[in-house]
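> Just dropping this structure here.
The values are calculated or read from the model by the stated rules, or taken from the named source; none is laboratory data. Just so we're clear, the structure is a prediction, and the values are computed from it rather than from any experiment. Every residue, glycine among them, receives a Cβ derived from its backbone with ideal geometry; neighbour counts consider all protein chains shown.
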Amino acid sequence: MMLSTFRNAPISFSTRLLSLFLLAFVLALAGCRKDKEFDDERSAAELYTDAKRALDNSSWEQAIQTYKYLQTRYPFGRFTEQSMLDLSYAYFKAGDEQNALSSLNRFIRTYPTHPNVDYAYYLKGVVNYEENMGFLERMFPSRVRDRDQSAAHDSFTDFSELLRRFPESRYVADARQRMVFLRNNLAAYEVEVADYYMRRGAYVAAANRARYALETYPNTPETAEALAILHKAYVALNLTELADSTMAVLELNYPDNYYVQGKKKKRSWSERLNPFD
């Protein structure tokens, strides 16, 4: 009964006045902020200089906001074009990989012949590369292979596109080094999956995965292990001829390998730390 009476009680004049005052105050603040933005008469060059200064000082959020304002106020021009690349880098350093990739893809679509478009392809590869690594992977690089490899695939593709389109780019040397790591990591991942299937008796799946690793990522530190798994899978499937040919390849190329030497067992912990056994 009391609750009903309270709901139906008329709102006092002072309460109405306070509400109107608060509404007017909020609108005034919004108007001041909007007027301040419109009063910003900095040129495109000045905005770019300010944004670049923030970027150089690692003030990522400030750089992002200034670059975005530059692109809104001056949607065309050389400063705006370059700001798209710088904004992508700022997003990347701020940990916003998705916006970084989106900005880079937009730049590539909009300015496919830009003098710095090679950097866009390179930075795309770096963003995906770093996403694949992560903090724990930096501390335990041998466990990179355990996680989802879609970012690694994307990074490898981005760097490959850079090499194909811009073989003389100054970013090619670093891209090649990163591709070596990615290639070895992707091969290791496939071998880990093949070994997983092998341990669970899924011999066809193990053979297919090991063969895929050998065909897609040949001559990596994991090649010998892939051949060993492939041989064990063929033996388990009673495919004698394929097993013999696989062992012949393994013996010819890796005569000192643990499997060739007749260990016929899982590698020890110390052996698995050394990929060049």
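> Mind counting the residues in the range 35-51 that are assigned to a helix (DSSP H, G or I) and either modelled with pLDDT under 80 or in contact with a Ser or Thr (Cβ under 9 Å, 6 or more places away or on another chain) (or both)?
So the answer is 9.
> Could you count how many residues in the range 230-248 are among the basic types (Lys, Arg) and either surrounded by fewer than 15 Cβ atoms within 10 Å (Cβ to Cβ) or in contact with a strand residue (DSSP E or B) (Cβ under 6 Å, 6 or more places away or on another chain) (or both)?
The qualifying residues number 0.
> Among the residues of the range 79-100, how many are under 15 Å from Thr49 (Cβ atoms) and polar (S, T, N, Q)?
Here the count works out to 3.
> Starting from residues that are surrounded by 14 or more Cβ atoms within 10 Å (Cβ to Cβ) and under 20 Å from Gly95 (Cα atoms), keep the ones in the range 135-152 and report whichever is modelled with the lowest pLDDT.
Only one residue tops the list, namely Val144.
> Looking for whichever is modelled with pLDDT of 90 or more, touching a Lys or Arg at 6+ places or on another chain (Cβ under 7 Å) and β-branched (Val, Ile, Thr) here; the options are Thr220, Thr240. Which one fits?
Just a single option satisfies the conditions, and that option is Thr220.
> Counting just the residues of the range 243-259 that are hydrophobic (A, V, I, L, M, F, W, C) and without any contact (Cβ under 8 Å) to a residue 12 or more places away in the chain, which one comes out nearest to Val193 (Cα to Cα)?
This residue is Ala248.
> Hey, among Phe107, Phe92, Phe76, which residue is surrounded by fewer than 10 Cβ atoms within 10 Å (Cβ to Cβ), hydrophobic (A, V, I, L, M, F, W, C) and either modelled with pLDDT of 60 or more or in a helix (DSSP H, G or I) (or both)?
So the residue among Phe107, Phe92, Phe76 that is surrounded by fewer than 10 Cβ atoms within 10 Å (Cβ to Cβ), hydrophobic (A, V, I, L, M, F, W, C) and either modelled with pLDDT of 60 or more or in a helix (DSSP H, G or I) (or both) is Phe76.
Here's the yes/no breakdown for (1) surrounded by fewer than 17 Cβ atoms within 10 Å (Cβ to Cβ); (2) hydroxyl-bearing (Ser, Thr, Tyr); (3) free of Cβ contacts under 8 Å to residues at least 60 places away in the same chain; (4) touching a Pro at 6+ places or on another chain (Cβ under 9 Å):
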{"residue": "Ser160", "(1), (2), (3), (4)": "yes, yes, yes, no"}
{"residue": "Phe166", "(1), (2), (3), (4)": "no, no, yes, no"}
{"residue": "Arg176", "(1), (2), (3), (4)": "yes, no, yes, no"}
{"residue": "Ala194", "(1), (2), (3), (4)": "no, no, yes, no"}
{"residue": "Arg199", "(1), (2), (3), (4)": "yes, no, yes, no"}
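> Then there is this: If a residue must be within 14 Å of Met247 (Cα to Cα) and crowded, with 24+ Cβ neighbours inside 10 Å, how many such residues does the range 211-229 contain?
5
> Would you pick out the residues in the range 39-58 that are surrounded by fewer than 17 Cβ atoms within 10 Å (Cβ to Cβ) and farther than 18 Å from Arg78 by Cα?
Asp39, Asp40, Glu41, Asp56, Asn57, Ser58, listed by residue number.
> Scan the range 210-231 and give yes if some residue there is free of Cβ contacts under 8 Å to residues at least 12 places away in the same chain, among the aliphatic types (A, V, I, L, M) and outside any loop (DSSP other than H, G, I, E, B), otherwise no.
No: zero hits.
> Follow-up. For the range 17-26, check the following and say yes or no: at least one residue is of a type in the set (Val, Ile, Thr), farther than 23 Å from Asp174 by Cα and at pLDDT 95 or above.
Within the range 17-26, none of the residues are of a type in the set (Val, Ile, Thr), farther than 23 Å from Asp174 by Cα and at pLDDT 95 or above.
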